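Trainee: Here you go, one structure.
Read-outs: derived from the displayed coordinates by stated rules, not from any lab. No experiment lies behind these values; they were computed from the predicted model shown. FYI the Cβ positions are ideal-geometry reconstructions off the backbone, even for glycines, and counts take in every protein chain you see.
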Amino acid sequence: MDFHQILLLISLIFFITSPVFSNSALHSSGQNIMQRGSVLKLTTHAAASVFDPTRVTQLSWRPRAFIYRNFLTDEECDHLIALAKDKLEKSMVADNESGKSIESEVRTSSGMFLNKAQDEVVAAIEVRIAAWTFLPPENGESIQVLHYEHGQKYEPHFDYFLDKVNQELGGHRVATVLMYLSSVDKGGETVFPNSEEKDSQPKTDDMSDCAKKGYSVKPRKGDALLFYSLHPDATTDPLSLHGSCPVIEGEKWSATKWIHVRSFEKAMKNKPSGDCSDDNENCAQWAAAGRVARQRASVLKLTTGINSAATFDPTGVSQISWRPRVFSYKKFLTDEECDHLINLAKAGSLEKSMVVDDETGEAVASDVRTSSGMFLDTAHDEVVAGIERRIAAWTFLPMENGEQLQILHYEHGQKYEPHADFFVDDFNLQTGGNRVATVLMYLSNVDKGGETIFPASEAKKFQPKDDTWSDCAKTDYGVKSKKGDALLFYNLHINLTVDPLSFHGSCPVIDGEKWSATKWIHEKPYRQSVGKVSWSKCTDEDDDCALWAKEGECEKNPLYMVGTEDDPGACTKSCNACSA
């Protein structure tokens, strides 16, 4: 039985046992792919959604929050307001027990839901959101347009669900994109009361008293706020608590896109009937909503406000496929950075590359992988540290979740047979959970061969091949090794189930040699060993430490909660992190 037969068998098992795979992996987009320059576009009925991501800033890691300046044009903002103005109703909240929509003084705005792809403007905004977040369009709810008049507000709340009813509709909300359709003279700020950055933000006179109680974002027409309600390990993030401060002067218009861990469209379509009733006031609008237009140009640039700048050129980013989620980045590294990494490896100790034993989790030698390699220390030097920050900025995944950079060298005939980067053994899952994503950086050109292949990618049917491709790469989706380029692909679905379509390999080198660098990123902070440490006193610095510990934050955020031997965390007592 050859590899393709084995992969087919594995995929069929996954499809049968997992509704996520059977729902998403079997769906064919049926889109006509057009390659133009460095940007991969899929033909849709919506207008092109190319944007300028140089305006993106990372606000915090806890919670993960990012602001995008001028995400919408003034015309798009005005268009969404015009669509909503005559259809506004009092905003509702989800009851924590029943999941039904109810009125509450906690939320005093008015709003309405648009249909998906309601017109070309709405469709373009929706595909732009998918391109920015790396999250499939079908996982998103319809856009909700909201209006806040004088004194109206939304008290701090979570966007993830506490009831089982709503969790069945596509799972938890993993992320929220909040777009500001108008500026507000005073008040109306979005506030994160628990953000770790709240104390570092200067409090100015133009901020409302409400906004001064946390990290706040002032509404500015056209800006968009992306924040995650779940950790990378798909557990809920209590630091994502947020609210809308009362409007003091003027009025506030906004639009919200909630994105789920699974397909929201399929969940609504397959919702069981029996009790023939609507649990949510928006059911009629959801039922009328058509499928959102598929993805277009996927471009990204991000400047961090926490670490030193990690700016890069987003015009080099291309979305390759949704199944698996794969993105390429032209010139992610400079030639000098590539040469520097190679020189570090040459001066070190290259050893035969190993593979993980599926049963024991131990590293073993295998003919499946014939390259040589070595690991660099985290932040080994300024160049390595800069690359690691850039990876975190691009992926939205914290640096502490990443393993050390691995440098690999492939000589003539050397290869890595198709494999998965996710773990199936218990041992490696204890070091930070499974590997969510992989960033593969090419440090050299290869004359022929050495391509990275995805045998199960849906994009392979659209990729033309000529004689410059090796036989290994001709039947699968292939990416050529080009110095400075990087590849980002996800090994897990958004709900953290493994994605068998992420199987990939490195074709044998035919002419020349191949150098590459890999960064594997986990669900949780990566640690090769975790244990108690000794401090002179064991205390909690925050009144909420006990609550956070109960919710699993000691494991999710160990650097903040537990800390290190040199720098104790904020909740060492509640985390039971002190040795006797």
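Trainee: So if R0 is 35 Å, what FRET efficiency would Ala385 and Glu551 give, r being the distance between their Cβ atoms, rounded to the nearest 0.05?
Mentor: Details: r = 32 Å, r/R0 = 0.91.
Working from the Cβ atoms, E equals 0.65.
Trainee: Further question: What nm distance separates the two modelled labels at Asp466 and Asp542, each placed 7 Å from Cα along Cα→Cβ?
Mentor: 5.6 nm
Trainee: Something else: So what J values fall out for the range 508-523 if you push phi through Karplus, 6.51 cos²θ - 1.76 cosθ + 1.60 with θ = phi - 60°, rounded to Hz, Gly and Pro as x?
Mentor: Values, residue by residue: x, 6, 9, 10, x, 9, 10, 10, 8, 9, 10, 10, 8, 10, 9, 5 Hz.
Trainee: Arranged from highest to lowest average of other beta-carbon atoms within 10 Å per residue, in what order do the peptides 168-177, 71-80 appear? Walk me through the numbers before you get to the answer.
Mentor: Values: 168-177: 22.2, 71-80: 17.9.
Order by mean packing, descending: 168-177, 71-80.
Trainee: Would you grab the residues whose amide H sits under 5 Å from the one on Ser183? Only those 5+ places off in sequence or on another chain, please, with H modelled 1.01 Å from N.
Mentor: For Ser183, the qualifying residues are Lys221.
Trainee: Taking the Cα centre of the range 368-455 as origin, sum charge times position over the Cβ atoms of Lys and Arg (+1) and Asp and Glu (-1), and report the length of that vector in debye to the nearest 20. List each step's numbers first, then the result.
Mentor: Values: 6 positive and 13 negative charges, 49 e Å.
The calculation lands at about 240 debye.
Trainee: Fewest first, what order do Phe423, Phe264 take by the number of other Cβ atoms within 10 Å? Intermediate results must be reported in sequence, preceding the final value.
Mentor: Working: Phe423 20, Phe264 25.
With the fewest neighbours first, Phe423, Phe264 line up as Phe423, Phe264.
Trainee: If you don't mind, another one. Starting at the first residue of the range 227-236, write each ³J(HN,Hα) from the Karplus equation 6.51 cos²θ - 1.76 cosθ + 1.60 with θ = phi - 60°, in whole Hz, x for Gly and Pro.
Mentor: 9, 9, 8, 10, 5, x, 8, 6, 8, 5
Trainee: If I model a spin label at Thr378 and Lys87 as a point 7 Å from the Cα along the Cα→Cβ vector, what separation in nanometres do I get?
Mentor: Here the modelled spin labels are 4.8 nm apart.
Trainee: Still on this structure, please answer the following. Express the C-alpha Rg of the range 331-522 as a ratio against the empirical globular expectation 2.2 N^0.38 Å, rounded to two decimals. Can you show the working numbers first?
Mentor: Values: Rg = 15.9 Å, N = 192, 2.2 N^0.38 = 16.2 Å.
Rg over 2.2 N^0.38 Å, computed on Cα atoms: 0.98.
Trainee: Something else now. Counting only residues 5 or more places away or on other chains, whose amide H sits under 5 Å from the amide H of Gly563 once H atoms are built in the peptide plane?
Mentor: Gly569
Trainee: For the range 175-189, take each phi angle, set θ = phi - 60°, evaluate the Karplus expression 6.51 cos²θ - 1.76 cosθ + 1.60, and give the result in whole Hz per residue in order, putting x for glycine and proline.
Mentor: 8, 10, 10, 10, 9, 8, 8, 8, 7, 10, 4, 7, x, x, 5
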